[in-house]
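Asker: Below are the structure tokens for one structure; questions will follow.
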Amino acid sequence: MAQKVAKAGIKRAKGYLYYLDKKGNVSRAKMARGGKKGGKPEMVVKVGVKREEGYLYFIDKQGDVSRAKMARRKAKGGSKKAKRR
């Protein structure tokens, strides 16, 4: 289940990919279609979200920033590094 991290209220435009950039702001880039190159990213909303490890951050249907706990598979019989030694 996802939880809201920040209200952004983004109205999405067709043909753009919306994402959370490295600084925690919402950005968008023109999607590549049919041999045409994609566009340079542009910042849409300055949110400044501080990321925590183990969570997936995304823009939800309401246009706000949300996060969900990442599903991690447990390693069978320990990690590969431990087996090599």
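Bear in mind these aren't lab numbers, they're just calculated from the coordinates by the rules spelled out. The shown structure was predicted, so the numbers you read here are calculated from the model rather than taken from an experiment. As a convention, Cβ positions derive from the backbone with ideal geometry for all residues, glycine included, and neighbour counts pool all protein chains shown.
Asker: Quote the FRET efficiency, to the nearest 0.05, computed for Lys11 versus Arg73 with a Förster distance R0 of 25 Å and r equal to the Cβ-Cβ distance.
Answerer: Computed FRET efficiency for Lys11 and Arg73 comes out at 0.10.
Asker: Which of Ser66, Leu56, Ala8 sits farthest toward the positive end of the charge dipole of the chain, with +1 on the Cβ of Lys and Arg and -1 on the Cβ of Asp and Glu?
Answerer: The residue sitting farthest along the positive end of the dipole is Leu56.
Asker: Moving on. Which of the pairs Lys40/Lys69; Lys7/Lys36; Lys11/Lys36; Lys40/Lys74; Lys4/Lys37; Lys11/Lys37 have their Cα atoms more than 28 Å apart in this structure?
Answerer: Lys40/Lys69; Lys7/Lys36; Lys40/Lys74; Lys4/Lys37
Asker: Okay, moving on. Could you go through the stretch 57-70 in sequence order and give the Karplus-derived ³J(HN,Hα) for each residue, using 6.51 cos²θ - 1.76 cosθ + 1.60 with θ = phi - 60°, rounded to whole Hz, and x for Gly and Pro?
Answerer: Per residue, the Karplus-derived 3J(HN,Hα) values read 9, 8, 9, 7, 5, 7, x, 9, 8, 10, 9, 9, 5, 6 Hz.
Asker: P(r) for the chain, please, calculated from all Cα pair distances in 5 Å bins and given in %.
Answerer: 3, 13, 19, 17, 14, 10, 8, 7, 6, 3, 0
Asker: Would you mind checking which residues have amide H under 5 Å from Ala8's amide H? H placed 1.01 Å from N; only 5 or more apart, or other chain.
Answerer: Excluding prolines and chain starts, which carry no amide H, the hits are Asp64, Val65.
Asker: Can you list residues whose amide H is under 5 Å from Val45's amide H, if they're 5+ apart or on another chain and H is modeled 1.01 Å from N?
Answerer: Amide H neighbours of Val45: Val26.
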